[in-house]
Amino acid sequence: MPDQVLSAAMIAFLGTPGQLDDKPPGDRVVEAVGAVAIDLIPRIKGILYTLYTAEPPLSRAHSAAELADNASSWLRRRYPELTDEAVRQMASNRFSFDWKQPTCDASTDALVAAGARVPLRRGVV
């Protein structure tokens, strides 16, 4: 059964594609789910960390679509409690977007916030 609160928190943490805001991810999560955010933010960071550091690397793909499919399948197997929207937001909007970036930049905030040391680059983790 989907965990609507965790999924809403994940979506808020990642932000909305194409919309810039000046709020830190944690503030967006508090606005979305309230006081439980304090318990969910470490879990969100952990999920993102496992996504970006999966073995074998999920970033080894020939296209953004293939990458998003790989990441979606992996997330659904590993985190079945996430809603389809939360999985899509992570796999298609965040992970594949980062994959398309030639170097580490502001788009890798989720990776850095999750504790990873190496920026995601096209086809290489």
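Here are some notes:
- Take the conditions (1) over 22 Å from Arg78 (Cβ atoms); (2) in contact with a Leu (Cβ under 9 Å, 6 or more places away or on another chain); Ile38 misses just one of them, which is (2).
- 1 or more residues at pLDDT below 90 and surrounded by fewer than 17 Cβ atoms within 10 Å (Cβ to Cβ): qualifying helices (runs of 4 or more DSSP H) within the range 1-86: 64-78
The values are calculated or read from the model by the stated rules, or taken from the named source; none is laboratory data. For clarity, every value in this text was computed on a predicted model and none was experimentally measured. All Cβ positions, even for glycine, are placed from backbone atoms using ideal geometry, and neighbour counts span all protein chains on display.
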